[in-house]
Every structure is written in structure tokens, then in C-alpha cells.
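Each value in this text was obtained by applying a stated rule to the coordinates, not by laboratory testing. Since this is a predicted model, take the numbers as computed values, not measurements. When we count neighbours, we look across all protein chains shown, and the Cβ atoms used for this are built from the backbone with ideal geometry, even at glycine.
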């Protein structure tokens, strides 16, 4: 059985999470101010907010890349202090190593963990098939389009069946059409795999479309302004959702917050 | 070639324009051919001018030998050129090898230690402003007439480009790539070998190629100052005997040495380093 089996999504508990950046020249920056957030197993949570609201800091803390100033994060009752294999990360740029083939890129986490690469090769192929890139394993990243490369990056994040998939504006660098397709495909894949997903984005519409819950953050200091439960049946259709008054209701609610905070200014 | 087949595709569709298209196609092919071999054409043309101009100008072979005379001499003197050539080759390789053996660890120290960088980098740049060639007589004074001063000179010249290009290569890495592998749980050793080094290889080889060409210059200059063997020494001998043809033959041998070493490095690079833009 080389098929990719559904993963048990991780349970994430963020309590009183605070991050202060100490700078040499200017005053300290309070990037996150006592954030509380509980994420259920297998749910899709989107975080939206303007630049500087601490959403990337949140991801960096979750991934164990940056030390926590105060508070704590637990994933499946395990405290996060350093990077660990329950988490897969997809960044804004695909960050594929251009000197490695697609399959070698996907197997990079396995290599780093010192696990048996051969054992995972079939699984890597299977993941490629799932993202519509069957037979692309021997190609180099430079031979792929931006959308294909980001798909490979998603496969790389999924190779270890992480309970929590962190995505940091993964479609931000893609053109509008590719982005639309990627959003649809991500939903399909997530429904099948069942990982817990934390999806960070600037795009209000893609957040509402994809997520079970949208967390709206505002900057200086980074705080949660709204925790919005999105109650729409799945699978959602990108083309239809734009005619759906319920969808627009959610989008408006988020925009109103940004307008009230002066992040979006109506003319 | 893809563009050529594109042309033939349009031939089939637009028959009324057939003749013009075939003409355009021919013109295009010719253009491609000239582009590919333009350097060779120019070289051959210059050599031909040289060959013809020497007898026409009445210059004796003794002042300026013709390319054919030089080529014949090279063919006749191959054993002599080789016996001196391998000495120079050894000096170049030893100097370059020392450059790599010392330059790479030095680069790593500069890259990983801020204090070391602050202390060593300015010194290295200051040393670079000394014309290394001017050190040759001093090196002979200390190291004698053997291979030691030549190797030292080749090494001193090779060191700087190797260190600079390696440090720049390591520093120019996208920081997000480091975050990526760290998020996979990589330690610094793994980060270095999986990401930092492969990403810096094109830069490092760029430095190697500059360094090997300069090493040849270093070794030959060392031989000019004081030597009993080597291509530079052979040249001086030819000079003192007014054997201009052999003198030119030595120059060709020295360039051949440099060019071959350059292309050997280029070949090794193509085997170990994958360039970002080389995929097609």
C-alpha cells in the first residue's frame, strides 16, 4: 500500500503567546500580545491581517523557528520549543532547491531526519500524482511553472504526514488564475487528507473560501480581533461562492474590522 | 533549433509566401552558423592576416615568425615543451591546491565568525592591493631557486579570488532556505551540506576559474625571476638565444596550459554544480 493515507490532524493549543523582538537601535517591538487560540483536530484555520500584524511571527513560533517570549504552544499536548516532525511548512516562495530534482526535493525532509529515503520514494510519487504532477519526479524545478513548483513544495511539506500543515501566504506569488486553481485543489486535498491546517494569507476571499474558521488579526501589537466560524457546506465552488450572500456576509464582516481599524479606508 | 522547425511549420501553412519563407529560413540558418562560429572565424582570419603580412612586410622570421612556423616548431619541440611544461603545471597545481586548501577554510571562518570577518577581511583586501608580482624577487631571496617561490606566488595570487567568491557565495543565500531546512529539524552541519554549499558552488567555481588562470601567471612570473626549469625559464632561454620562434612556442604552451586547466575546472563544475539557469 503506497497510497497516501489520511492523517490524524493535530490539536493545537496556543496560550497567552507573546513575542517581543528586541532591537538594538529602536524600542522593543511587541509582535504578538498574549494570543489565545485553540485549533481543533483536522480543522482548517485561516489567519488574515495586514502586514506586520504578527501572523508570520505566529507561524514561525509554531514551527519552532523562533523562541517564544512568553506563554506556550502545545501540539498534541507536546510543548513546542524547537522544530519537530508533526509540522510541515509551506512558505510564500516555493523554496525548492534548484540543483535537486522534484522527487529529491520532496524527500529532503526524510534525508534530514536520517530516515530511509527509499521507503518514502513511492509515497513521494503518490503525492505528486495527487497534486496532478505524476511523472514529473525527475524534472528540475526550473522546468516547472510557478504553480507546479508550489505544488511540489506542498508535497514536500506533506511527505512526513504532518498533523499540522502551516502555510504562509502560499499562493501570494502566483498569478490570479493559477491561484484560483490552487485554492480549489488545496480544498480537495485537505478534505481527503484531514491534516489540521493553519493558513496565513492577505486574501480575505481565499481565507473565507478555504477555512472553517477565520482569525482576523491587527497589528502593533499583534492581537486577535475576530474569530469567525465559517459555516458553509463543502466542497465549496470558487465560481459559485462569489454569488453566495452567506460568503459575502463573512467577507463583509472581516472588511468591516479592517475599515474600523483604518487598515482599509472607504472612499 | 526549435525556432528553425517553427519556420518550416509556417512554410506548410502559407504556401503563397513559400519562396520568401525559404529565403528567410536560409538567411536565418546562415545567421545561426555565423553566430556559433564567429569567434573561430575571427581567430582564423587574424592568423591568416598575420601569416600573409609577415613576408609582405619583409620582416624576418627572426623578428616575427609566422603562425605556421610557430606551429611547426611546436610540433618539432613537443618533448622539450612537455619537459618544461610539466614543471610549470606542477607549480600551478600546487599553488592553486594550496589556495583551495587554505582559502576554503578561511572563507568558512569569515562566514561563520563575525569577529574573524572583522579582523581578517580588511587585512585580506589590503594585502590584495600589493602587486603580488612585485613579491617575486623577495620570495626568491627567502625561498631560493627551486619550485618553492613559484608555488608561493601562484598560491598568493590564487587565494584572494577563491576566498572572495566563496564568502560571497555563502552570504548570498536566501535566508528563507535556511528557515526551510531548519523547520525540517536540520542542524547547522546538515544546513551547510544540503543547502549552503550546493547553493554556493557556482560562485566557488567562478572563483576557482579566475584563480587557476592567475596561478599560471604567478608560476611563470616566478620562473622569470629565477629558475632552472619551466616554461617561463624556457622563454628566457629562447630570448637569450634570439630564438623568437621558440619564444612564441612557449607563449602558446603557457596559454594552452591555462586554457586546459580552466576547461578541466569547467568540466568538473558541470558534473558537481547545477546552475540555476542551465536547465532547458
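Helix-derived [θ] at 222 nm for the protein assembly as shown: sum -39500 (n - 2.57) over DSSP H runs of at least 4, divide by residue count, nearest 500?
-19000 deg cm²/dmol
Output the 0 to 90 degree angle, nearest 10, between the alpha-carbon long axis of helix A:176-193 and the longest principal axis computed from the alpha carbons of chain A. Rounded to the nearest ten degrees, it is 80. Indicate, rounded to the nearest 5 percent, the antiparallel portion of the DSSP beta bridges found entirely in the protein assembly as shown. Looking only at bridges with both residues in the protein assembly as shown, the antiparallel portion is about 50 percent.
Annotation for the stretch B:157-223 versus the stretch A:13-85: alpha-carbon center distance of 35 Å. Using the Stokes-Einstein relation with a Kirkwood hydrodynamic radius computed over Cα pairs, the translational diffusion coefficient of chain B at 20 °C and a viscosity of 1.002 mPa s comes to 94 µm²/s. Across the stretch B:179-265, Cα pairs under 8 Å and at least six residues apart give a relative contact order of 26 percent. GNM on chain B, alpha-carbon springs under 10 angstrom: the most fluctuating residue among B:200, B:82, B:53 is B:53. Tilt of helix A:146-158 relative to the longest C-alpha principal axis of chain A, in degrees (0 to 90, nearest 10)? Result, in degrees: 90.
Which percent of the Cα-Cα distances in the protein assembly as shown go past 37 Å? In whole percent, the long-distance tail amounts to 53. Residues B:195, B:178, arranged from fewest to most other Cβ atoms within 10 angstrom of their Cβ, appear as B:178, B:195.
Taking the C-alpha atoms only, the angle from helix A:245-260 to the longest principal axis of chain A is near 60 degrees.
Among A:256, A:243, A:11, the ranking by other beta carbons within 10 Å of each residue's beta carbon, starting with the fewest, stands as A:243, A:256, A:11.
With no solvent and one equal point scatterer placed on each C-alpha of chain A, evaluate the Debye formula and give log10 I(q)/I(0) for q = 0.08, 0.10 Å⁻¹, two decimals. Log10 I(q)/I(0), no solvent term: -0.33, -0.51.
What is the log10 of I(q)/I(0) for the stretch A:93-161, computed with the Debye formula using one identical point scatterer on each Cα and no solvent, at q = 0.11, 0.26, 0.27, 0.28 Å⁻¹? With no solvent term, the Cα-only Debye profile gives -0.20, -1.19, -1.29, -1.38.
Of A:196, B:244, how do they rank once you tally other Cβ atoms within 10 Å and put the fewest first?
The fewest-first ordering by Cβ neighbours comes to B:244, A:196.
Neighbouring Cβ atoms from other chains, within 10 Å of the Cβ of residues in B:171-184, number 6 on average.
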